[in-house]
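Structure first, commentary second.
The values are calculated or read from the model by the stated rules, or taken from the named source; none is laboratory data. If you're wondering where the values come from, they're calculated on a predicted model, not measured in any experiment. Here the Cβ positions follow ideal geometry from the backbone for every residue, glycine too, while neighbour counts run over all protein chains shown.
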Amino acid sequence: MTGRQIFKVAKSPLSVISKIVRVFPNFILRFVWHVIFPFNGYLSKMIRYVILKAKAKKIGDNVSIGCNTIIKRWDNFSCGDDVSIHEYCMIDCDGGITIGNQVSIAHSTSLISANHTWMDQDTPIKYNPVTTQGIAIESDVWVGAGVRILDGVVIKNRSIVAAGAVVNRSVESNSIVGGIPAKLIKKI
């Protein structure tokens, strides 16, 4: 059975469980998330899904979150249907992160939706104000392994971000981008 087939069977019970879990305090759910953190089986993925469905802004159907993935600020995270976020990803939702439908994010990728400023010369950069513009990944996007997507970026529909890229500006539809910083490789 594929993951999609298993989700079809489990969708109704998972929805009911997520409504029950919604009343649990975040510290308990964070504890559960960390207990299952290193595990990658269907049960662990279902538990991560239930927690996100209960606490995130919006979670669609058939969302898979791999092991050792950190998602900060669940309340600023939303994604559509058929989304896979693979192992060892870091999703920092301070400024909000929105992911469309049919998106695949490969392992060891970081999405950082906040940025330090450095304008106040009398204050260490570490303590300067933080800006938060957010990140949007539209539908039908493939993000390769080890990509870094920075605050303020929009990746438009049907695009590919090559492995290892650092994306610091928005990506147009039907594009393949790669490099540091990411540049257009070709239109598709």
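Picking from residues in the range 15-43 that are among the small types (Gly, Ala, Ser) and within 23 Å of Asn76 (Cβ to Cβ), the one that is surrounded by the most Cβ atoms within 10 Å (Cβ to Cβ) is Ser18. Pairing residues of the range 1-14 that are on the phi < 0 side of the Ramachandran plot and surrounded by 13 or more Cβ atoms within 10 Å (Cβ to Cβ) with residues that are outside any helix (DSSP H, G or I) and among the acidic types (Asp, Glu), at Cβ distances under 6 Å and at least 6 apart in sequence or on separate chains, gives no pairs at all. Among the residues of the range 146-171, those that are touching a residue at least 40 places away in the same chain (Cβ under 8 Å) and either part of a strand (DSSP E or B) or under 18 Å from His107 (Cα atoms) (or both) comprise Gly146, Val147, Ile149, Ala163.
Of everything in the range 112-165 that's of a type in the set (Lys, Arg) and at pLDDT 95 or above, which residue is nearest to Ile99 (Cα to Cα)? First the steps, then the outcome.
We begin by selecting, within the range 112-165, every residue of a type in the set (Lys, Arg); these are 126, 148, 156, 158.
Restricting the remaining residues to those that are at pLDDT 95 or above gives 148, 156, 158.
Values: Arg148: 15, Lys156: 10, Arg158: 13 Å.
Step by step, filter the range 112-165, then rank; the result is Lys156.
Before we move on, is Ser84 among the hydroxyl-bearing types (Ser, Thr, Tyr) and within 24 Å of Lys156 (Cα to Cα)? Criteria met by Ser84. Only one of the numbered conditions (1) hydroxyl-bearing (Ser, Thr, Tyr); (2) within 11 Å of the chain's Cα centre (by Cα); (3) modelled with pLDDT under 95 is violated by Ser84, and that is (3).
Could you pull out every one of the strands (runs of 3 or more DSSP E) wholly within the range 8-102 that has 1 or more residues that are touching a Leu at 6+ places or on another chain (Cβ under 6 Å) and closer than 22 Å to Asp151 by Cα? Explain how you work it out, then say what you get.
On the way: elements: 63-65, 70-72, 77-79, 83-85, 90-92, 97-99.
Ranges flagged: 90-92, 97-99.
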